[in-house]
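Read the structure below first, then the notes.
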Amino acid sequence: MGVSTRLPARAALFDTVIGPCAIAWSGDTVFRFALPDTDPAALRAHITRALTGTGGDGTVREAEPVGAIAEAVGGIRAHLAGELDDLRWIPLDTSAIPDFHRRVYDVTRAIDPGHTLSYGQVADRVGAPGAAQAVGRALGRNPIPLIIPCHRVLAADNALHGFSAPGGITTKQRLLEIERTPGFGEPTLF
């Protein structure tokens, strides 16, 4: 993935109530995020993997988040602790993402916590009716999950089918429960 700026690329792992997450940034913009992985070495390798097409050496070095990125980490921690925030204020660099995927991510990012859309509804909103599978593939390649909340997109029957982040659909369900999404994590009568 290329990043549009020649500023150094940095990354950090940080603790949250659901486990260690990771963030990568350049300047004040996030270009990669990772949800917890059962293997900390895999999480570190994922977030610090080299960039391509940057004009530099592509190295992503670990650093302490400061400024806008430290604020983003704080907002993510609070959100995952139940202080719901749409996280739309976190600046992202999506310049190296294909146009269709970027449009899917724009629609997805507009879904408020506690709400969902179906893959088909997202396809309709990006002007590609009938492209639910293409939407699913785009979301499966989302480099910035949670901040681009792909977990809020469900199958037409509201079922949890696949989730490419570590933990799969268990992680997706947990995020929906944290966000108090109706139908997830609520006690049932039967």
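All of the numbers you see were taken from the coordinates with simple rules; none came from a lab. Just so it is clear, the model here is predicted, and its values are computed rather than measured. Here the Cβ is made from the backbone with ideal geometry for all residues, glycine too, and neighbour counts use every protein chain on show.
Share of antiparallel DSSP beta bridges in the chain, in percent to the nearest 5?
On the way: 11 of 18 bridges.
About 60 percent, rounded to the nearest 5.
For the stretch 9-80, what log10 I(q)/I(0) values come out of the Debye formula at q = 0.12, 0.22 1/Å, with one point per alpha carbon and no solvent?
So the normalised log intensities work out to -0.29, -0.94.
Per-residue ellipticity at 222 nm for the chain, helices alone: DSSP H runs ≥ 4 residues times -39500 (n - 2.57), over residue total, nearest 500 deg cm²/dmol?
Values: 6 runs with 60 residues, N = 190.
So the calculated ellipticity at 222 nm is -9500 deg cm²/dmol.
Pop out the Kirkwood hydrodynamic radius of the chain from its pairwise C-alpha distances, inverse of mean 1/r, in Å to one decimal.
Values: mean 1/r = 0.0589 Å⁻¹.
Its Kirkwood hydrodynamic radius stands at 17.0 Å.
Percent of Cα-Cα pairs per 5 Å bin, from 0 to the last occupied bin, for the stretch 99-178, please list those.
With a bin width of 5 Å, the distribution comes to 3, 18, 32, 29, 15, 4, 0.
Suppose the chain between Glu71 and Ala110 were pulled fully straight at 0.36 nm per residue; how much longer would it get relative to their current alpha carbon spacing?
Details: separation 39, 0.36 × 39 = 14.04 nm, distance 2.03 nm.
Residue separation times 0.36 nm, minus the Cα-Cα distance, leaves 12.0 nm.
Contour minus end-to-end for Arg49 and Arg61, with contour as 0.36 nm per residue of separation and end-to-end as the Cα-Cα distance? Show your work: numbers first, answer last.
On the way: separation 12, 0.36 × 12 = 4.32 nm, distance 0.92 nm.
Result for the pair: 3.4 nm of gain on full extension.
Let me know the charge dipole size of the stretch 99-178 about its Cα centre in debye, to the nearest 20, where only the beta-carbon of Lys, Arg (+1) and Asp, Glu (-1) is charged. Don't jump to the answer; show the numbers that get you there.
Details: 9 positive and 6 negative charges, 42 e Å.
For the stretch 99-178, the charge dipole is close to 200 debye.
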